[in-house]
Amino acid sequence: MLLKAALNGNRTVQDCRLVPITPEQLATDAQAAVALGVGAIHVHPRDKDGLESLRWEDIEPALLAIREACPGTPIGISSRKGITETAAERFELVSDWKETLDFVSVNFHEAGSVEVARKLLDLNIGVEAGLFTPQAAENLVQSGLAEACLRIMFEPVDPLLEDALKTVNQIEEILDRAKIANSSRLLHGFDATAWDLVAEAKNRGYDTRIGLEDTLFLPNGNAAEGNVDLVLAAKELLTI
């Protein structure tokens, strides 16, 4: 079972003073997470002003720093809507990326996602298909890219666990009905559902992820002292 660490997302130090922003901070957290058994790292690189960026000149320093700290560990980033103003700008920036990047998450409910995923595959960069909704699953199936993706991620954003599980089941039904053979599936939640969906991933035999992108709190409700705290809690939950 893969446990991936999602180190920062779009969080800022205003959300939590321990959110890693700089390449050096990301490398430190990544190294600590990998030492605990994490098998992949997901980050949102920042520019000199601390803002999320899809420009290669901002991605590369973070990638190189993490690569040096964690040789051999796959490293991926996000291509989410909102980092750029338009889907066209995102596609243009993605086209400049290098295959030294191991994987990129692509949210299939977003405009232009299929084109971005195709471009990444052309660049020999792995694609994580992010499925927030049943419609995103339909979009993935219709694209014909599902089995070419590195993994398929179930990422319900529903704030209530009951609704999140309903979304997961609907996505599963769509993929199974289409006979999608991609066996690499990862399930995780956000904030209120984060820990319940880590447990659900274990129950379903799926991979999962944790980190300050997904939650700022431990399963007991206490504030996490950084990504290491969260990884340790996930390891305990997954081995019970």
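Points to keep in mind about this one:
- Residues within region 31-79 that are assigned to a helix (DSSP H, G or I) and farther than 18 Å from Glu92 by Cα, tallied: 14
A quick yes/no check of all residues on (1) touching a Phe, Trp or Tyr at 6+ places or on another chain (Cβ under 7 Å); (2) assigned to a loop (DSSP other than H, G, I, E, B):
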{"residue": "Glu115", "(1), (2)": "yes, no"}
{"residue": "Arg118", "(1), (2)": "no, no"}
{"residue": "Glu128", "(1), (2)": "yes, no"}
{"residue": "Glu138", "(1), (2)": "no, no"}
{"residue": "Ile152", "(1), (2)": "no, no"}
{"residue": "Pro156", "(1), (2)": "yes, yes"}
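- Selected residue (criterion: surrounded by the most Cβ atoms within 10 Å (Cβ to Cβ)) from residues of region 78-110 that are out of contact with any Leu (no Cβ under 7 Å at 6 or more places or on another chain) and under 13 Å from Ile41 (Cβ atoms): Ser78
- If you go through region 21-37 and keep only what is buried (at least 22 other Cβ atoms within 10 Å of the Cβ) and either farther than 15 Å from Ile59 by Cβ or under 16 Å from the mean Cα position of the chain (by Cα) (or both), you end up with Leu26, Asp29, Ala30, Ala33.
- Each residue in region 183-205 was checked for being outside any helix (DSSP H, G or I) and closer than 18 Å to Thr133 by Cβ, and 6 pass.
- Filtered residue count, region 169-202, keeping only those that are touching a strand residue (DSSP E or B) at 6+ places or on another chain (Cβ under 7 Å) and at pLDDT below 95: 2
- Within region 80-113, tally of residues that are assigned to a helix (DSSP H, G or I), out of contact with any helix residue (DSSP H, G or I) (no Cβ under 7 Å at 6 or more places or on another chain) and of a type in the set (A, V, I, L, M, F, W, C): 3
- The set of residues in region 202-236 being within 11 Å of His188 (Cα to Cα) and in contact with a Cys (Cβ under 8 Å, 6 or more places away or on another chain) is empty.
- Only listed residue being more than 24 Å from Gln25 (Cα to Cα) and among the charged types (D, E, K, R), chosen from Asp47, Asp58, Asp96: Asp96
- Criterion (without any contact (Cβ under 8 Å) to a residue 24 or more places away in the chain and more than 19 Å from Asp158 (Cα to Cα)) met by exactly one of Asp176, Asp207: Asp176
- Candidates Leu212, Leu232, filtered to the one that is outside any strand (DSSP E or B), closer than 20 Å to Leu18 by Cβ and either in contact with a helix residue (DSSP H, G or I) (Cβ under 9 Å, 6 or more places away or on another chain) or not hydrophobic (A, V, I, L, M, F, W, C) (or both): Leu212
- Among the residues listed as Ala137, Ala194, Ala148, the single one being buried (at least 17 other Cβ atoms within 10 Å of the Cβ), in contact with a helix residue (DSSP H, G or I) (Cβ under 8 Å, 6 or more places away or on another chain), small (Gly, Ala, Ser) and in contact (Cβ under 8 Å) with a residue 12 or more places away in the chain: Ala137
The values are calculated or read from the model by the stated rules, or taken from the named source; none is laboratory data. These numbers were taken from a predicted model, which means no experiment stands behind them. Cβ coordinates were reconstructed from backbone atoms using ideal geometry, including for glycine residues, and neighbour counts include every protein chain displayed.
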